[in-house]
1. Could you please report the charge total around residue 61, scoring K, R as +1 and D, E as -1 over all other residues with beta-carbon less than 14 angstrom from its beta-carbon?
2. Using a 7 Å offset from the Cα along the Cα-to-Cβ direction at both residue 111 and residue 127, what is the distance between the two label points in nm, to one decimal?
3. Tell me the net charge near residue 102. Cut-off is 12 Å between Cβ atoms, residue 102 excluded, with +1 for each Lys or Arg and -1 for each Asp or Glu.
Amino acid sequence: MVTRFDPFRDMDRLAEQVLGTARSAAAMPMDLYRSGDHYVMHFDLPGVDPGSIDVSVENRALTIQAQRTSRDDENTQWLARERPSGTYARQLNLGDGFSLDDIDATYADGVLTVTLPVAEQARPRRIDVTRANSRHNVETGTAERQGIET
């Protein structure tokens, strides 16, 4: 058996993966930003039945699925059909810094908004620096800290 070497095969496979991902992302475009202690995602899903939207989290993977059905009557003769229909899905891997039990999702005016609260342990906090109590021995030039022996 002869194996033919094709240096462009891997490039084609990579291009399919990249373009395939870009196409599915374009079907469900997303905006993401942080506002205070929450991350907010907006997904464009115009024409989607709100009852078909499913938002779930499993093993730190956030999955969004939605269904847009098309009108397929026997008496319909399509002149132009540019709006895609079918099932849309998008999956995002979440880090450890989210409170997964408090995720909120709302759908209004064709936009799905998912709010991810930052977990308490991942929130930035200020550490107060206090001045240590110290006595300075003027005679010997050494400092003694209260409660610590040197």
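Only the coordinates and a few stated rules stand behind these numbers; no lab work does. Source: prediction; values computed, not measured. Glycine gets a Cβ as well: all are built from the backbone with ideal geometry, and neighbour counts include every protein chain shown.
1. That sum, taken over residues with Cβ under 14 Å, equals -1.
2. Simple spin-label model gives 4.0 nm for this pair.
3. Surrounding charge for residue 102 is -4.
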